[in-house]
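The values are calculated or read from the model by the stated rules, or taken from the named source; none is laboratory data. Model, not experiment: these values are computed from the prediction. Here Cβ is always computed from backbone atoms with ideal geometry, including for glycine, and neighbour counts include all displayed protein chains. Surface areas here come from the heavy atoms of the whole protein model, side chains and all, with no ligands, DNA or RNA. Shrake-Rupley method; radii C 1.70, N 1.55, O 1.52, S 1.80 Å.
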Amino acid sequence: MDLWYTEKHSDNVGITMKVTKTLFSGVSEFQQLEIVDTLEYGRMMLLDGLVMVTERDEFIYHDMITHPALFTHPQAKKVLVIGGGDGGSIREIVRHPEVELAILCEIDGLVIDKSLEFLPTMASAIDGHHPRVKLHVDDGLAYIREHQDAFDVILVDSTDPIGPAVGLFEEDFYRLVFSALKEDGIMVAQSESPFYHADIQKSMYQNLRTVFPIVEMYQAFIPTYPSGFWSFAFASKKYHPVKDFDRDRAAKRDFYTRYYNEDLHLGAFMLPTFARENIS
Ligand code: AG3
């Protein structure tokens, strides 16, 4: 049988992939979760029908949500991930030797459980055996409210601003993140597609700028997300991701990154005009 999955990116356009098997389909308290096998992208996780990760291109997203902040901050010891229940971000964070503790705060325990079961290459560091990793199944907002002045880096590895992630794009949340960070802390959040989501970006970056002194957007190419042109927001109290970037330190990293590198770090912050306009 010929089975295809389509995520619609607008009313008239979408991405479609040939599916060979449904590995899991179920509903949690928060959302609908599917894990399917595809012919070209390997296993793929969908939340409420939206592509979250595929085995083939997740390295791009997870390199880019983690390494720019961790190579800008001179010594990130304590890192928090909000969302990111597949574990891909935590896997990249613990490759940094200076990180003493990486905490995952995911609202939906089903995402963690099913990632451990079906996406082991992503979930390798959240299986409960990693000495520098802690897991919390909790609402990110509630968690940071109780952990002020605590983190060097906070990563918001969320879904689109619909469903459980809506609050993660609002000013009140960014204020909580600001105070949960130490005095020189950095936050990075996935910030949607500059091509399709200009309105979301406008309000998101406006909200960030009312809270953080340094706010920049950077980009990555992610083939399975809407338009393939994706972005991240870099919000910081002290360090600028380009001016304060130590290129040598990034070049000397002792682990392999298939997307991120010290030149791309700088290049990713250079934006096409229309993307700049979204956030100006
Ligand atoms: N976060 C999902 C980004 C949003 C994708 N949006 C979409 N397909 N419409 C991914 C989490 C990976 N750890």
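Some observations on this one:
- Within the range 185-216, the set of residues being surrounded by fewer than 22 Cβ atoms within 10 Å (Cβ to Cβ) and in a strand (DSSP E or B) comprises Ile214, Val215, Glu216.
- For the range 267-278, a tally of residues being hydrophobic (A, V, I, L, M, F, W, C) and either open to solvent by 50 Å² or more (accessible area, probe 1.4 Å) or over 20 Å from the mean Cα position of the chain (by Cα) (or both) returns 2.
- In the range 80-97, the residues that are aliphatic (A, V, I, L, M) form Cβ pairs under 6 Å with partners that are open to solvent by 10 Å² or more (accessible area, probe 1.4 Å) and within 7 Å of the ligand (Cβ to nearest atom), at six or more places apart or across chains, as follows: Val81/Asp157.
- Total residues in the range 48-68, condition within 15 Å of the ligand (Cβ to nearest atom) and either hydroxyl-bearing (Ser, Thr, Tyr) or farther than 23 Å from Lys21 by Cβ (or both): 9
- The one condition from (1) surrounded by fewer than 16 Cβ atoms within 10 Å (Cβ to Cβ); (2) under 30 Å from Val153 (Cβ atoms) that Ser25 does not meet is (2).
- Leading residue by the ranking (surrounded by the most Cβ atoms within 10 Å (Cβ to Cβ)) among those in the range 112-126 that are in contact with a helix residue (DSSP H, G or I) (Cβ under 6 Å, 6 or more places away or on another chain) and of a type outside the set (A, V, I, L, M): Ser115
- When Gly109, Gly87 are checked against the criterion of being within 23 Å of His73 (Cβ to Cβ) and either at pLDDT 95 or above or open to solvent by less than 20 Å² (accessible area, probe 1.4 Å) (or both), Gly87 stands alone in meeting it.
- Which numbered condition Glu262 fails, given (1) open to solvent by 30 Å² or more (accessible area, probe 1.4 Å); (2) out of contact with any Lys or Arg (no Cβ under 6 Å at 6 or more places or on another chain); (3) not β-branched (Val, Ile, Thr): (2)
- Residue match in the range 148-163 (condition: in contact with a strand residue (DSSP E or B) (Cβ under 9 Å, 6 or more places away or on another chain), modelled with pLDDT under 95 and not in a loop (DSSP other than H, G, I, E, B)): yes
- Here Val177 does not qualify as farther than 16 Å from Met64 by Cα, within 16 Å of the ligand (Cβ to nearest atom) and outside any strand (DSSP E or B).
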